[in-house]
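The values are calculated or read from the model by the stated rules, or taken from the named source; none is laboratory data. Keep in mind it's a predicted model, so treat the numbers as computed, not measured. Neighbour counts run over all protein chains shown; Cβ positions are idealised from the backbone, glycine included. Ligands, DNA and RNA are excluded from the accessible area calculation, which covers all protein heavy atoms including side chains. Shrake-Rupley method; radii C 1.70, N 1.55, O 1.52, S 1.80 Å.
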Amino acid sequence: MTKAERIKESLHKTKERRKSLKPKVFQLKLQNLTKTKEERLRRAFLEAKWLYNWLVSDTQRLAQPANKVAEVEVKVGEAFERRTLTLLGSQVKQEITDRLKDNLKALSKLKAKGHQVGALRPKSFINSIPLKQYGVTYSLDFARNRVRIQKLGDFRVLGLHQIPQGVEIASAVLVRKPSGYYLHVTCYLAKGDSPEPIAEAVGIDFGIESKLTLSNGIKIDFEVHETPRLKRLQRKLVRAKRGSKRRGKIRFLLRREYEKLNNRRKDAENKVLAFLKLYGKVVFQDDLLASWARRFGRQLHSSGIGGLKLRLRNSLKTPLPVGRFEPTTRECYACGKRHELPLSQRIIACSCGWECDRDVNAALVILRKGLGLSPDQTLGLDRPEVTPLEKEAAARILGSNPSIRVSFLQ
């Protein structure tokens with residue numbers, strides 16, 4: 001058996017083994033960085049940018065082995081200079097090349113579908129370096145809370161305790177953020193048994209006043225607004241001279257402030273998603289949020305509903321989306337009759353005797369349609385009741401984030 005055949009067989013066995021495992025990414029922060037280590041990290045990201053831009057400037061270079069590239073041409077002003085790649089390993093170079101090939105394939109697929117696409121452009125900076133093979137490009141020392149990165153040295157890391165013992169450690173990505181350097185490690189864990197759901201199914205109606213309204217009457221609202229510091233930095237950026245060091249420093253501070261906002265928004269999304277995972281089935285409508293942004297732009301952007309909807313679709317075991325053009329808000333849950341409701345009317349009252357909060361009614365309609373039931377098959381669903389278990393879970397999970405507000409239907 002040749003070396004290529006052995007590698008192919010090993011990859012096939014790995015894929016088969018990981019079918020019974022679930023992937024999870026752990027974030028580790030590099031700590032106690034000396035000036036020498038910071039300079040080496042900065043140089044590594046600079047070399048990654050040089051290599052990427054050198055390949056983008058002439059895609060014919062993708063045909064040659066990337067692991068043997070030792071020097072690249074870098075444009076400095078109007079001239080080109082030769083720069084040596086000293087801190088990028090051969091596998092890292094190959095992975096950067098593979099990333100570029102994947103980008104070109106994605107653009108070609110979009111072009112084949114009729115989209116207008118342009119050529120890839122050189123980047124002014126790169127914020128991630130792939131470390132493909134554990135034990136070669138990087139290794140973890142759990143006893144000393146340290147990580148060793150090929151050609152960069154040893155680093156003390158925070159968060160290594162998150163990785164449980166006995167898991168299969170795969171690739172990693174070295175990430176540069178305004179708050180520091182991080183290592184995102186991908187691990188494969190055994191799939192555990194799912195806990196008993198707190199309810200069989202729940203419908204979700206997305207909105208502006210209440211970001212999520214559940215069919216059982218729970219209303220969840222969360223917003224992370226721009227801070228006064230961010231607005232001050234934006235005003236300073238406008239007044240700063242282009243190309244000056246002051247402008248570069250302000251842009252760095254802006255990126256760090258945006259990172260804080262994104263972390264808060266992501267934490268709120270994580271809490272909401274963790275709460276919804278407690279239900280057996282989750283039904284939601286595939287709304288077109290781009291049309292909402294034209295009218296409720298700031299309120300919509302500060303909530304991150306779009307990211308939450310995407311994660312609901314990809315993270316839940318049984319996501320049941322309802323069609324985008326289904327009139328769930330205007331439809332009576334009890335009889336199916338459609339009404340014309342202005343935004344100011346918060347209660348739907350039907351001639352059949354059904355009267356309900358419009359958001360809860362919409363969530364109930366979404367739940368009924370997602371489960372494929374007709375109005376005469378919904379016995380018991382029209383009496384939403386929040387159980388003590390749901391209240392306890394809402395207080396424990398959602399109450400831990402100060403940006404989330406929860407209310408219950410009276």
Quick one: which of 202-210, 348-356, 93-101, 108-116 comes out on top by average Cβ neighbours within 10 Å, and what's the full order, highest first? 202-210, 93-101, 348-356, 108-116
Tally up the carbon and sulfur contribution to the accessible surface of the chain as a whole percent, 1.4 Å probe, everything protein left in place. 51
Please state, as a whole number in µm²/s, the translational diffusion coefficient that the Stokes-Einstein equation yields for the range 193-265 at 25 °C and 0.890 mPa s, with Rh defined as the Kirkwood radius across alpha carbon pairs. 155
Separation between the GLU78 and ARG43 pseudo-spin-labels, each 7 Å from Cα along Cα→Cβ, expressed in nm? 3.2
Spin-label pair LYS68/TYR258, simplified geometry with 7 Å Cα→Cβ offset, distance in nm: 4.1
Please report the equivalent ellipsoid semi-axes of the range 20-176, computed as sqrt(5 x eigenvalue) of the Cα gyration tensor, largest first, in whole Å. 30, 22, 13
Within the range 60-83, name every residue whose backbone N is under 19 Å away from a label modeled 7 Å from Cα of SER108 along the Cβ vector. 60-66
For GLU355 and THR387, what is the calculated FRET efficiency with R₀ set at 25 Å and r taken between the beta-carbons, to the nearest 0.05? 0.60
With the radius of gyration and the Kirkwood radius both derived from the Cα set of the range 139-273, what is their ratio Rg to Rh? 1.09
For a test of understanding, tell me how many lysine pairs in the range 1-57 have Cα atoms under 30 Å apart, given they are 8 or more places apart or on different chains. 18
For each cysteine in the chain, check whether another cysteine's C-beta sits under 4.7 Å from its C-beta; list those where none does. CYS187, CYS356
Option label - Cα Rg over 2.2 N^0.38 Å computed here, alternatives [x] 1.20; [y] 1.07; [z] 0.97: [x]
Rounded to 10°, Cα long-axis angle of helix 289-301 versus longest principal axis of the chain: 80
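Mind ordering 133-140, 14-21, 218-225, 122-129 by average Cβ neighbours within 10 Å, highest first?
218-225, 133-140, 122-129, 14-21
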In degrees, nearest ten, helix 388-397 long axis to first principal axis of the chain (Cα): 30
Under a GNM of the chain (C-alpha, springs under 10 Å), which listed residue has the highest mean-square fluctuation: LEU131, LEU85, LEU364? LEU85
For PHE125 and VAL25, calculate 0.36 nm times their separation in residues minus their Cα-Cα distance, and state this gained length in nm to one decimal. 33.6 nm
I want to check the label-to-label distance for THR2 and LEU33. Put each point 7 Å from Cα in the C-beta direction and report it in nm to one decimal. 4.3
Rounded to the nearest 0.05, what FRET efficiency do LYS241 and THR14 have when you use their Cβ-Cβ distance and R0 = 56 Å? 0.55
How are the C-alpha pair distances of the range 1-45 spread across 10 Å bins, as whole percents from the shortest bin up? 20, 22, 18, 33, 8
For the range 56-111, state the average projected area of the convex hull of the C-alpha atoms over all orientations, rounded to one decimal in nm². 4.8
Using only alpha carbons, build the gyration tensor for the range 30-123 and give me the equivalent ellipsoid semi-axes, biggest first, whole Å. 28, 16, 14
Roughly speaking, what is the centre-to-centre gap between the range 173-220 and the range 338-353 when only Cα atoms are used, to the nearest Å? 32
